[in-house]
Amino acid sequence: MLAYQPVVDTRTRQLLSYEALSRMVLPNGRVVSGGPYVGVAERLGLVRRIDLRSLNLVLADLRFCQGLRL
(Lines give C-alpha, C1' and ligand atoms only; values in the text may rest on other atoms or scores of the structure.)
Protein backbone atom coordinates (compact mmCIF):
# COMPACT_ATOMS: atom_id res chain seq x y z
CA MET A 1 0.00 0.00 0.00
CA LEU A 2 1.13 3.56 -0.58
CA ALA A 3 0.52 6.55 1.63
CA TYR A 4 0.96 9.98 0.08
CA GLN A 5 2.60 12.64 2.20
CA PRO A 6 2.68 16.29 1.16
CA VAL A 7 6.03 18.04 0.80
CA VAL A 8 5.63 21.65 1.94
CA ASP A 9 8.05 24.57 1.85
CA THR A 10 8.31 25.44 5.55
CA ARG A 11 9.12 29.07 4.78
CA THR A 12 6.20 29.81 2.43
CA ARG A 13 3.93 26.93 3.43
CA GLN A 14 3.47 26.25 -0.27
CA LEU A 15 2.68 22.71 -1.31
CA LEU A 16 5.58 21.54 -3.47
CA SER A 17 4.75 17.92 -4.21
CA TYR A 18 3.83 14.61 -2.64
CA GLU A 19 5.98 11.64 -1.77
CA ALA A 20 4.72 8.08 -1.90
CA LEU A 21 5.55 6.08 1.20
CA SER A 22 5.44 2.30 1.16
CA ARG A 23 3.33 0.68 3.86
CA MET A 24 2.42 -2.91 4.70
CA VAL A 25 -1.06 -3.86 5.86
CA LEU A 26 -0.98 -6.80 8.27
CA PRO A 27 -3.74 -9.43 8.33
CA ASN A 28 -5.18 -7.77 11.46
CA GLY A 29 -5.54 -4.50 9.52
CA ARG A 30 -2.67 -2.73 11.25
CA VAL A 31 -0.58 -0.53 8.93
CA VAL A 32 3.20 -0.76 9.32
CA SER A 33 5.72 1.75 7.93
CA GLY A 34 8.39 0.53 5.52
CA GLY A 35 11.16 0.42 8.11
CA PRO A 36 10.43 -2.98 9.64
CA TYR A 37 10.20 -4.85 6.34
CA VAL A 38 12.72 -3.10 4.08
CA GLY A 39 15.65 -5.03 5.57
CA VAL A 40 13.86 -8.33 4.99
CA ALA A 41 12.98 -7.30 1.43
CA GLU A 42 16.64 -6.43 0.79
CA ARG A 43 17.85 -9.80 2.09
CA LEU A 44 15.29 -11.62 -0.06
CA GLY A 45 16.09 -9.59 -3.17
CA LEU A 46 12.58 -8.12 -3.36
CA VAL A 47 13.37 -4.40 -3.32
CA ARG A 48 13.29 -4.00 -7.11
CA ARG A 49 9.91 -5.76 -7.28
CA ILE A 50 8.53 -3.55 -4.51
CA ASP A 51 9.90 -0.45 -6.28
CA LEU A 52 8.32 -1.46 -9.58
CA ARG A 53 4.99 -2.23 -7.92
CA SER A 54 5.08 1.12 -6.10
CA LEU A 55 5.83 2.97 -9.32
CA ASN A 56 2.93 1.24 -11.08
CA LEU A 57 0.57 2.16 -8.23
CA VAL A 58 1.68 5.81 -8.33
CA LEU A 59 1.16 5.96 -12.09
CA ALA A 60 -2.30 4.40 -11.75
CA ASP A 61 -3.21 6.94 -9.07
CA LEU A 62 -1.97 9.80 -11.27
CA ARG A 63 -4.06 8.55 -14.20
CA PHE A 64 -7.09 8.38 -11.92
CA CYS A 65 -6.53 11.92 -10.62
CA GLN A 66 -6.06 13.26 -14.14
CA GLY A 67 -9.38 11.68 -15.04
CA LEU A 68 -11.01 13.65 -12.22
CA ARG A 69 -9.53 16.86 -13.67
CA LEU A 70 -8.51 18.17 -10.26
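Quick look at the values:
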{"item": "Over the chain: helical MRE at 222 nm, DSSP H runs n ≥ 4 each giving -39500 (n - 2.57), nearest 500", "result": "-14500 deg cm²/dmol"}
{"item": "In Å², nearest 10: area of Glu42 left accessible to a 1.4 Å probe", "result": "120"}
{"item": "Within the chain, longest stretch clear of exposed trypsin sites (Lys or Arg not before Pro) (DSSP loop, no more than 11 other Cβ within 10 Å)", "result": "31-68"}
{"item": "Karplus 3J(HN,Hα) series, Hz, for the stretch 29-38 with 6.51 cos²θ - 1.76 cosθ + 1.60 (x for Gly, Pro)", "result": "x, 5, 9, 10, 5, x, x, x, 10, 5"}
{"item": "Additional length obtainable on full extension of the chain from Leu21 to Val58, 0.36 nm per residue less Cα span", "result": "12.3 nm"}
{"item": "1.4 Å probe accessible area per residue over the chain, in Å²", "result": "86"}
{"item": "For the chain, projected area of the alpha-carbon convex hull averaged over all directions, nm²", "result": "6.5"}
{"item": "Whole-percent carbon and sulfur share, accessible surface of the chain, 1.4 Å", "result": "57"}
{"item": "By accessible area with a 1.4 Å probe, ligands and nucleic acids excluded, highest first: order of Asp61, Asp9, Asp51", "result": "Asp51, Asp61, Asp9"}
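The values are calculated or read from the model by the stated rules, or taken from the named source; none is laboratory data. Nothing here was measured: the structure is a model prediction, and the numbers come from that model. Cβ sites come from the backbone with ideal geometry, for glycine too, and all protein chains shown count toward neighbours. All accessible areas refer to the heavy atoms of the entire protein, side chains included, with ligands and DNA or RNA removed. Shrake-Rupley method; radii C 1.70, N 1.55, O 1.52, S 1.80 Å.
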